[in-house]
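The values are calculated or read from the model by the stated rules, or taken from the named source; none is laboratory data. The model shown is predicted, which means the values in this text are computed figures rather than measured ones. A quick note on method: Cβ atoms are made from the backbone with ideal geometry, for glycine too, and the neighbour counts reach across all protein chains shown.
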Amino acid sequence: MQKRILIVEDDVHISNIISMNLKLVNYATTQVYDGAAALEEIRRDRYDLILLDVMIPQIDGFALMEKIRSYSTPVIFLTAKNSVFDKVNGLKLGADDYMVKPFEAIELLARIETVLRRYGKEEQVIAFQHLQVDLDKRVVMMEGQAVELTPKEYDLLVVLLKNKNIALTREQFIEKVWGADYYGETRTVDMHIKSLRKKLALHEQIKTIFKVGYRLED
């Protein structure tokens, strides 16, 4: 089932970009542009997570947070403010995370995933065309048959699936799969991608992005 995310952001351009990136990785989104509309939406419907800008019209983000705290819906604050006071205030009000604009889409997706996992809302099985990946068991099934992957191949596959339709650089793959302290060549990413394409019949789905890296596409 798709996770539902409410985007409360008064900048229409930023809101649309966030919504587009979330939809690419299979989240369902609703967009509102002021605190009063957000409060009405939260009272009317259920959401798995709220992305809440601080500086919004009618009811600001901090005031809205106080009004919706009893709903126990995870909240990530989005704001241009970068002061320690604002960050501490937001977290004290019950927000689960705090992101300063501008931010990269991949970072936002990672933060959302972390918060949903904390609340037990993350999908435990990811389906993609002829594949099913059980995140708890670390098992990959292709057309009903288990496929043996090395630990790094598996981790790389999960990163691709969770960032479907988003181009990632080799450096981003290295950081997410091998860790920030890895000092080897980025060529290892190419080798593992080649192996995944072969083992999982993903030659057409894993696209090479010239001078960038790779993207998994439907």
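Considering 90, 120, the condition of being surrounded by fewer than 13 Cβ atoms within 10 Å (Cβ to Cβ) and at pLDDT below 80 is satisfied by 120 alone.
Each row is one residue, and each column tells you yes or no for (1) β-branched (Val, Ile, Thr); (2) assigned to a strand (DSSP E or B).
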residue	(1), (2)
38	no, no
41	no, no
52	no, yes
59	yes, no
66	no, no
70	no, no
73	yes, no
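No other residue among 21, 26 is in a helix (DSSP H, G or I) and either buried (at least 19 other Cβ atoms within 10 Å of the Cβ) or at pLDDT below 95 (or both) apart from 21.
Among the residues of region 151-160, those that are free of Cβ contacts under 8 Å to residues at least 40 places away in the same chain and either farther than 16 Å from residue 125 by Cβ or in contact with a Phe, Trp or Tyr (Cβ under 9 Å, 6 or more places away or on another chain) (or both) comprise 151, 155, 159.
The set of residues from region 8-58 being closer than 30 Å to residue 217 by Cβ and either among the charged types (D, E, K, R) or not assigned by TED's automatic domain parsing to the domain that holds residue 111 (or both) comprises 9, 11, 23, 48.
Count of region 34-64 residues, restricted to those that are within 17 Å of residue 101 (Cβ to Cβ), touching a Ser or Thr at 6+ places or on another chain (Cβ under 8 Å) and buried (at least 18 other Cβ atoms within 10 Å of the Cβ), is 4. Among the residues of region 1-34, what is the count of those that are without any contact (Cβ under 8 Å) to a residue 24 or more places away in the chain and in contact with a strand residue (DSSP E or B) (Cβ under 7 Å, 6 or more places away or on another chain)? So the count comes out to 3. Residues of region 95-147 that are in contact with a Phe, Trp or Tyr (Cβ under 7 Å, 6 or more places away or on another chain), free of Cβ contacts under 8 Å to residues at least 40 places away in the same chain and not in a strand (DSSP E or B): 138 alone. The condition (being outside the structural domain of residue 23 (by TED's automatic domain parsing), surrounded by 12 or more Cβ atoms within 10 Å (Cβ to Cβ) and over 30 Å from residue 47 (Cα atoms)) is satisfied by just one residue among 201, 180: 201. Go through the residues of region 163-171 one by one and say whether even a single one is in a loop (DSSP other than H, G, I, E, B), touching an Asp or Glu at 6+ places or on another chain (Cβ under 7 Å), touching a residue at least 40 places away in the same chain (Cβ under 8 Å) and exposed (fewer than 14 other Cβ atoms within 10 Å of the Cβ). Taking every residue of region 163-171 in turn, none turns out to be in a loop (DSSP other than H, G, I, E, B), touching an Asp or Glu at 6+ places or on another chain (Cβ under 7 Å), touching a residue at least 40 places away in the same chain (Cβ under 8 Å) and exposed (fewer than 14 other Cβ atoms within 10 Å of the Cβ).
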